[in-house]
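Quick notes on the structure that follows.
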Amino acid sequence: LVSVVYCCLLLRLRPRRLMDQLNSFFKETTCFAKVSRENDLYRGRNTLYPALSAAVEVAFDQRRQRFVRATQDIPAGKVVCVDEGVTCTFADNRCQFCVAPLKKNEKSFCARCRVDKRCKMIRTGEEGAIAELNKYGMLEFGVRIVLSYPVEEIVQAVRNNIVPDYRHGFSSRSFLSVAALAKCDMEVPEVGAFFAKALEKVITNLSRHPEWAPLPDRRNLFYHALQFVMARVPANAHSIIHPDSDPKIGGLFDVVLPEMMEDILWPMGDSPRRGWSTNPGVPLAVGFFPTASIVNHSCKANTFGYFHENRMIFVSRGIRAGQEVTDCYGPSTTMHLLMERDSLLMGRGFKCVCAECRFEREHPDMEWKEWKGSDPSKNDETERLLSILREQPSYFTAIRSLSQLEKILPPFDVSLSHSYRIVGVIAAQDGKLSECISVLNRLLTAYSSRNSSIDPVTATTAHALALLHFANYQRTGDGSEGVKSQTLAFRALSQYSLIYGKHGILTRSILRFIKDRQMLIIGSD
């Protein structure tokens, strides 16, 4: 809670000194190139696994197989993993290789990837083949992965069946990191038989590829390598939605509103890994992160995971020495009931056995677990009301549906939280600031009832409320609204600092809001 204490101390300073302190902090966080690079890893890089912190190790047991364990206490807000993976981008305004935002004079590739040797070789292999590969979903991504690694490593893994020993470690930039993954349970069709036509252009291009061209049997090797990848990668791939994603395509609330309203809506819709929207849209990209894949799931994870460009980053929530380092694959105790988590994880091919899930299964008589679903008529009514909200009705229809849902569902139910967010957006669209504030305050209460006081969804809600209260302050001149805005802004700042670190884009966003609006002088003499 260092950031929380820091913000509380700042609030006791005189306004001028407080602004000086904030300006100093702001200057340190405005360099975009600093965002979660490998040199941010706590205690430096791990000697065996360069994408991991030196404060962790990779261990093995029969139940968990490989897993990551802390060798020393890791304070909250410290970076545990920065894994630069292989990505395939869907968005036209992002680099096709590293997902970085494109500048006005750039097309398809950023300046860095245009001259990068590895990216040039990938372009050689994919030239003229993308349109055909796009028809087959993950096939395009599989081709990108095969072309991203050195041929000699592919030969070692595919032909010589070399499986790396976890005790020796590996880099995510080595094909051995792919070989270390277990095969998926899903059946993969024979690549050479089913996709020969789609791959024909790629095979032709290999004759001009500097690494593949010297191989006389490159066609068979490429087919075997692609088969090898497709049998391992799909279960470990990630859909990427960035904290810095474009609101038009990143699954955020896409609403044409005045600037102030857009400021309110974009942080509300941007909840990394758990984004909820009335119009979900599509992810920016799909990515494969071999080292990050070693980190197992927990429904109450001790890290925050998020993406920045082609990097997957884990930040500690506070990890004790000897504890397993865990990530949340989506379902969590703060967002889903046990039966919802089981259902969602079934699609990923496993049943969670984390401490939280084991406890809940051992205590099935807990009353709150049976609240939802105990009465079939209530379930039907819940679905009816939720379907009304998903259609984005008028504000008065939405608030009536929400009031009925509050009578049916417990305050911690995830469907109720989704409903609060939808109604909050509808109120904001209609310019009903006070009503929007009321709904979002109820949303914060719902998050608190699930013990999620430090969580991305809580932070973005506090961020949105800070903007709303400031809008009310500007409209009415009411000093109490300014004070509420200031309090919530610092609450969001402290949480963003813990979740994303001081270089995170949302951290810098709330800092910019505080600085630009001169909030620190509100309510002062």
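Every read-out reported here was derived from the displayed coordinates using simple, explicitly stated rules and does not represent laboratory data. All figures in this text were calculated on a predicted structure; none of them were measured in a lab. Positions of Cβ are backbone-derived with ideal geometry, glycine not excepted, and every protein chain shown enters the neighbour counts.
When ranked by the protection proxy of mean other Cβ atoms within 10 Å per residue, highest first, what sequence do the peptides 105-112, 152-159 form?
Packing order, densest peptide first, comes out as 152-159, 105-112.
How are the alpha carbon pair distances in the stretch 422-471 distributed across 10 Å bins from zero to the largest one, expressed in percent?
28, 55, 17, 0
Lys and Arg at +1, Asp and Glu at -1: add these up for the other residues within a Cβ distance under 15 Å of residue 163 and post the number.
Charge balance near residue 163 sits at +3.
Grab the alpha carbons of the stretch 296-342, take their convex hull, and tell me the volume per residue in Å³.
Per-residue hull volume (Cα only) is 92 Å³.
Please compare each pair in 407/484; 78/107; 78/484; 103/515 to a cut-off of 31 Å on the Cα-Cα distance and tell me which ones are over it.
Pairs exceeding 31 Å: 78/107.
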